[in-house]
Amino acid sequence: MKKRLGIYIHIPFCVSKCGYCDFYSLPGSSQRMPDYQSALLSHISESAGNISAYEVDSIYIGGGTPSCYGAKRIVKILDELKRIGNVRLDSEVTIEVNPDTAKLDELKLLRREGVNRISIGVQSANNDILKIIGRRHNFKQAQQAFENAREAGFENISLDLIYGLPSQTKSDWAHTLQKCIELHPEHLSCYGLKLEEGTPMYNSYMGSPMLPDEDEQADMYLFTVDALKHFGYEQYEISNFAVPGYESRHNLKYWRLDDYMGFGPGAHSCVGNLRYSYVRSLEKYISAVIGDTMIIDEYEEIVPVQRAAEYLMLGLRTAWGICESEYHRIYLCDWTPIEEKLRSFEEKGWAKKTENRWSLTPAGMLVSNALINSVLESQTSAKVQINPWMKASFDAAEKQELPESEIDRFEAFYREKAGR
């Protein structure tokens, strides 16, 4: 039986760039679409040998704004993948769309040609907030896009939302969740705002009192977990919730260390023990496909200890968590220090053990970065015991831990929420 593979296609075009966006995209560059399409199809064709060694069971078309690229171009990309790859009939095929470019006739064409999952960038139901963050649509257009997707035959629709936005209150966020739940999507992605350096919103809002503080954003997060669970959406990753059976199969590949190949400028791939990405430039990418320049931007071979660290880091982001037997299939190192660390988290209410699997609680996911870093230090500690000549440098290194005041604050905060 052939191994399964996910394919990611990056469409680096958009009508305008949102204030928080750090993805590689080019607003107002539609004149370059034909040249990019030609290069992209050539690159996929040249990769036929590598793709055909697998069965493709997920395709994800992201951006940028794929819905502004034109359905006919998307169909040609899918046709090329079907021609050169073993694309399974039951593959999950996702396309991202923005409400202002989700046209009914194009959605119908995409559905007929095999796209069976759609992700709509809604972000907020508050029109004033949408303007602040640079979105082109209003919420009525988002509702219309959802209705168009249903009319086109899509039975698997995801909505992307952001909390912690400028001037957003918990009441605003609750209203957004309510209005989106009323649409009955199968999947919701709810991301806390992260200001990326170099974006317009970073320059305008970093340190601004207009942004909800940590406690307010944490309150919004815990409210999200509780509210969505009440309406039948199970949390399966820190930011992702789905009706059971509608989890994103493609995104699970990233979190479960499965193989995937990306195409397009800035796209990443992880195949076997190799990880690589392509140049983050449309012009350089097109030129590289023709053969004039190097197409690879970064390339590394993943060793077992690194893969094991990724297993811990990504697994603890999911509802399924981690376990000793899976860890040892990747890396034969002492599990005991990791288990001890997880038990200390359990005492704080940050982690739980179900049968033989460890996962973070909602309170633990609030401080997941610090907890995961601490678990990774436990892995390094176990390695040190096998390699005692590393002990001096390990002991001297600064260790990851939450300040006591932070621990107290989060414990009190979680107890307060649990008592409500």
Note to self: List pairs: first residue in the stretch 118-130 and without any contact (Cβ under 8 Å) to a residue 24 or more places away in the chain, second residue of a type outside the set (Ser, Thr, Tyr) and in a helix (DSSP H, G or I) anywhere in the structure, Cβ distance under 7 angstrom, at least six positions apart or on different chains.
What the structure shows: ASN127/PHE139
Notebook entry, point to check: Can we say ARG135 is within 24 Å of the chain's Cα centre (by Cα), part of a loop (DSSP other than H, G, I, E, B) and in contact (Cβ under 8 Å) with a residue 40 or more places away in the chain?
Noted result: yes
Notebook entry, point to check: Can you name the residue in the stretch 293-310 that is touching a Lys or Arg at 6+ places or on another chain (Cβ under 9 Å) and of a type outside the set (A, V, I, L, M, F, W, C) and, of all such residues, is farthest from PHE241 (Cα to Cα)?
Noted result: THR293
Check: Any idea which residue in the stretch 228-258 is modelled with the highest pLDDT, counting only those that are among the basic types (Lys, Arg) and over 12 Å from the mean Cα position of the chain (by Cα)?
Finding: LYS229
Checklist line | Test: TYR311 is buried (at least 17 other Cβ atoms within 10 Å of the Cβ), under 25 Å from the mean Cα position of the chain (by Cα) and aromatic (Phe, Trp, Tyr) | finding: yes
Check: What about TRP350, is it at pLDDT 80 or above and under 30 Å from ALA227 (Cβ atoms)?
Finding: yes
Next item on the list: Residue by residue through the stretch 229-266, note down the ones that are surrounded by 20 or more Cβ atoms within 10 Å (Cβ to Cβ), closer than 30 Å to SER171 by Cα and aliphatic (A, V, I, L, M).
Entry: ILE238, ALA242
Notebook entry, point to check: Quick one: would you say MET261 is of a type outside the set (Phe, Trp, Tyr), modelled with pLDDT of 95 or more and not assigned by TED's automatic domain parsing to the domain that holds MET313?
Noted result: yes
Next item on the list: Report whether or not LEU177 is assigned to a helix (DSSP H, G or I) and under 22 Å from TYR236 (Cβ atoms).
Entry: yes
Item checked: Test result for ASN116, surrounded by fewer than 20 Cβ atoms within 10 Å (Cβ to Cβ), in the same structural domain as ALA53 (by TED's automatic domain parsing) and either on the phi > 0 side of the Ramachandran plot or not small (Gly, Ala, Ser) (or both) -> yes
Item checked: Filter result (of a type in the set (Asp, Glu) and either in a helix (DSSP H, G or I) or under 17 Å from SER124 (Cα atoms) (or both)) within the stretch 206-227 -> GLU214, ASP215, GLU216, ASP219, ASP226
Notebook entry, point to check: When you scan the stretch 282-291, how many residues do you find that are in contact (Cβ under 8 Å) with a residue 60 or more places away in the chain and crowded, with 16+ Cβ neighbours inside 10 Å?
Noted result: 4
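The values are calculated or read from the model by the stated rules, or taken from the named source; none is laboratory data. Note that this is a predicted model, so its numbers are computed, not measured. All Cβ positions, even for glycine, are placed from backbone atoms using ideal geometry, and neighbour counts span all protein chains on display.
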